[in-house]
Structure formats: structure tokens, C-alpha cells
Amino acid sequence: MNTDDLIAQLSTDVPRVRRHSVGWRLGLGLAGGLIVSLTIVVAVMGVRPDLSVAMHGFSFWMKWTYTISLSIAAVVVTAQLARPDSARLRWLWLLAIPVALLAGLGGLELLRTPPGEWLAMWLGESWMVCPWRVLTLAAPIFVGLLWSFRRLAPTRLRAAGAAAGLAAGAFAATVYCIHCPEVSAIFVLTWYSLGIVLAASAGALLGPRLLRW
Amino acid sequence: MRANEDELRGLMIDGLDGNAGAHTSLLRLLVPLLRSYYRRHANGSADDIEDLVQETLIAVHTRRATYDRDRPFASWLFAIARYKMIDHFRRVRRLQPIEGMEELLVAEAFEGASIARIDVDDLLGTLPVKQARMIRATRIDGLSVAEAAAADGLGESDVKVSVHRGLKSLMARIQGGGR
């Protein structure tokens, strides 16, 4: 096709674009994925029976603070990688804050616990399944983000895939908190984070293939 | 006519606000820009270049929502152009020398690239200023001899001689002295 004809054809369809349309698009994809993950937790894994009591306790909010702040930081990075001119990433260091805080908390916890109980505290009841469940719950959220990316323009596909996987993992961990009864900081720091990292790695592997446009 | 950043950015923003006329003018102004960009960097046939220009126009149109009104237009545009170039040559599975490759690899090999760039800067620093500038213009920035000559107000043969002498003494330095 002749380039002038192409331009004429493209010019017939010029809708108005809202200022924060990238954010909206990502938000919609995330929300869609979150609904599916939430449904899986409620219908398949089950909400922890003591949720309303736990919500008044420290450890529940420690977990949520960790996973939610990680989610926000991951979305901030993902939103940058959704635009083509993403050579310089800002706010990447935000990701380190929740990890550092939780690690500090874990250190305090170890100091207050006799060394004989450390292993039990670290492994909890569910260390073998926790990372895999987080990864499973991340899948629908990642698919939601893939839908978002279909209208966006990432140019660093592996990094964008990793960031989307990280965001999906962190949100999945947030949802998983309403099922998981574990209470220790080092449990969350290890096994939740492992699930989130698995999701980010899957995103990095899939990014170059699925995010091309 | 060469459009400048402010003009292009203004048209882009008007287009995002729904002004189809501004959007059309923008796409028209981008054609010569993209043609010269791909001629300089992609090193392909005329058909390849025109394919790339069209693919990029389509991308600019369909992904216009990813432009942030507060950021420079040129860097958004050329990020898309570069991406389309890499994607195009990956798809047609042909190995083409892509100039500015070190820039493209920044994400994966930042260290290596910066070391290479420092080496180049060091080496060029050992040459007379004119020779260094001409080598930079013709061999690194990708200008033709005629363009480099025009830019510096020199004769074409002068540019050629400077580049030739400069490269020769660089070669001597690398083979002889540096370990």
C-alpha cells in the first residue's frame, strides 16, 4: 500500500485519548485478573475461618502491608515499561523497601524466639504449597495484564514481562493472605517472596514471546 | 521541510485530544523523518525502508495512547522506530548491520557497552581534534561524507583525508602500542 493512502486510512479513526489511559488500561486488566484469583481463593482454597479475628491482629496486616506495597511498586515499574521510551526506569528502588522492612521484622522475630523453634517458624505448616499457590493465583492476574499490554507499547519485552509477572505475583500473594494462616515474618519473606519471584521469572520467560506487537 | 520537536509534540497532543487534522499532519510530517532514520540505521532495500516507515506509522497510530503528554515526543517516536526496526529484521530473519547497536544492547550489556564507548572516546581523544570529529561523524554517528562536510563547512576530500589519516594512526596505535 502507498504510504499516503495508509495515512489517509489511519486518519479516519482518531478518537480522543484520556490523559491516564495507560494507567486505566493496566488497572482494568489487573482488576479482571484479581476477580478470577479471588474467586479461586474463595471457592477452591477457602477463606481462613478466623479471618475476622485475624484482621484485628498484627501478623495479618504485616503480610498485607508487605504484599500490597510490593504490588504498588511493581505496578509503578510495569507502567513505565508499558511505554516505548522506557530506557531509564525510575522508582525501581521502591521494590527494596518492603523487602528490607520485612527482613528487619524477621530479624527481630528470630531474636525473640529460641533457636530451637526457628526451623518450625520458618517452615510453618504450608511452606511446600505456599509458593505454588501464589504462582497459581498469579496466572489469571498475569493474563489480565497481557490483555492490558495488547494496546500498550513495551519495547523491552523481557523486562516488561518480568515486571508484569512481579505485579501479578505480588497481587496474588495479597489475595492469598485471606486463605493463608501463617503468622511469621520469615515465613512470608521466604515462601511468599519465592512465589512472587517465580511469577516474575515466568513473566521474564514469556515476555519476549507474548508481548510482541 | 523538517519539523521540530515542539511542532510535532503540539500536533501529537492535539491529535490525542481528538483533532483528526492535527493527527494527519503529524503522520505526514513523520514520513520524511522516519525515512531518513531508517536509511541511516537499517541499511535495507528501498522496500524494506518503506515497509518499516509504514509499520512505524501504524504503530504510532494504534499505540498513541502510550504517549505521555509531559515527555519529549522525539524519544517516544524513535523508541518505537527502533523497536520496529529490530522486530522487522528479526522477523525477516536476515542479519543486517544495525548501526548504533551498542545503544540497543544497553539493557542487556550496559557495562560492556559503556566500556566500549569509553575506549572509543579514549582512542579518539589521542587524535587531532579535526580527525577525531570527522571519524565520529562518519563512522559513529553515521553521516555520509557529504553530510559531514556540509555540517562542518569543509570540503568532501578534506573530510575523507581526515578520516583516512585518523583511522590509520588509530590502527598503528592499537597494533603497536596498546596491550
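The set of residues from the stretch B:132-179 being β-branched (Val, Ile, Thr) and in contact with a Gly (Cβ under 8 Å, 6 or more places away or on another chain) comprises just one member, B:ILE135. Every test in (1) touching a residue at least 60 places away in the same chain (Cβ under 8 Å); (2) away from chain B (no Cβ under 14 Å); (3) within 22 Å of the chain's Cα centre (by Cα) is passed by A:ILE35 save one, and that test is (1). Note on the stretch A:168-194: residues that are farther than 22 Å from A:LEU26 by Cα and not polar (S, T, N, Q) total 15.
In summary, helices (runs of 4 or more DSSP H) completely within the stretch A:120-213 and bearing 1 or more residues that are of a type in the set (A, V, I, L, M) and surrounded by fewer than 20 Cβ atoms within 10 Å (Cβ to Cβ) occur at A:130-149, A:193-210.
Against the criterion of being out of contact with any Gly (no Cβ under 9 Å at 6 or more places or on another chain) and either among the charged types (D, E, K, R) or in contact (Cβ under 8 Å) with a residue 40 or more places away in the chain (or both), A:TRP64 qualifies. Filtered by the rule that a residue be buried (at least 18 other Cβ atoms within 10 Å of the Cβ) and more than 8 Å from every other protein chain (Cβ to nearest Cβ), the stretch B:12-21 gives a lone residue, B:MET12.
Got a sec? Which of B:THR24, B:THR56 is surrounded by 16 or more Cβ atoms within 10 Å (Cβ to Cβ), hydroxyl-bearing (Ser, Thr, Tyr) and touching a Lys or Arg at 6+ places or on another chain (Cβ under 7 Å)? So the residue among B:THR24, B:THR56 that is surrounded by 16 or more Cβ atoms within 10 Å (Cβ to Cβ), hydroxyl-bearing (Ser, Thr, Tyr) and touching a Lys or Arg at 6+ places or on another chain (Cβ under 7 Å) is B:THR56.
Please go through the stretch B:1-20 and pick out each residue that is in a loop (DSSP other than H, G, I, E, B) and hydrophobic (A, V, I, L, M, F, W, C). If the condition is that a residue be in a loop (DSSP other than H, G, I, E, B) and hydrophobic (A, V, I, L, M, F, W, C), then B:MET1, B:ALA3 are the ones that fit. Considered as a group, the residues in the stretch B:26-79 that are at the interface with another protein chain (Cβ under 9 Å from one of its Cβ atoms) and not in a helix (DSSP H, G or I) include one that is farthest from A:ARG18 (Cα to Cα), and that residue is B:PRO72.
The number of residues in the stretch A:63-101 being closer than 24 Å to A:VAL175 by Cα and more than 17 Å from the chain's Cα centre (by Cα) comes to 2. Apart from one condition, A:ARG151 fits all of (1) more than 17 Å from the chain's Cα centre (by Cα); (2) under 18 Å from A:ALA31 (Cβ atoms); (3) away from chain B (no Cβ under 14 Å); the exception is (3).
Look at B:ARG91 and say whether it is more than 27 Å from B:SER144 (Cα to Cα), among the basic types (Lys, Arg) and either within 10 Å of another protein chain (Cβ to nearest Cβ) or in contact with a Ser or Thr (Cβ under 6 Å, 6 or more places away or on another chain) (or both). The answer is yes for B:ARG91.
Would you mind stating whether A:LEU94 is assigned to a helix (DSSP H, G or I) and either farther than 29 Å from A:ALA153 by Cα or of a type in the set (D, E, K, R) (or both)? No: the conditions fail for A:LEU94. Candidates in the stretch A:105-146 are the residues that are within 21 Å of A:TRP61 (Cβ to Cβ) and of a type in the set (Gly, Ala, Ser); of these, the one that is farthest from the chain's Cα centre (by Cα) is A:GLY107.
Condition first: over 14 Å from B:VAL53 (Cβ atoms) and crowded, with 21+ Cβ neighbours inside 10 Å. Now tell me which residues in the stretch B:66-82 satisfy that. Once the filter is applied, which keeps residues that are over 14 Å from B:VAL53 (Cβ atoms) and crowded, with 21+ Cβ neighbours inside 10 Å, the stretch B:66-82 yields B:THR66, B:TYR67, B:PHE73, B:TRP76.
The single residue among A:LEU10, A:LEU89 that is under 30 Å from B:ASN19 (Cα atoms) and either in contact with a His (Cβ under 8 Å, 6 or more places away or on another chain) or within 13 Å of another protein chain (Cβ to nearest Cβ) (or both) turns out to be A:LEU10.
A:ASP85 meets the conditions (1) surrounded by 15 or more Cβ atoms within 10 Å (Cβ to Cβ); (2) in a helix (DSSP H, G or I) in every case but one. The failed one is (2).
Of everything listed in (1) more than 30 Å from B:GLN54 (Cβ to Cβ); (2) buried (at least 17 other Cβ atoms within 10 Å of the Cβ); (3) within 14 Å of chain B (Cβ to nearest Cβ); (4) of a type in the set (A, V, I, L, M), the single unmet condition for A:VAL22 is (1).
Bear in mind these aren't lab numbers, they're just calculated from the coordinates by the rules spelled out. All figures in this text were calculated on a predicted structure; none of them were measured in a lab. Backbone-built Cβ (ideal geometry, glycine too); neighbour counts: all protein chains shown.
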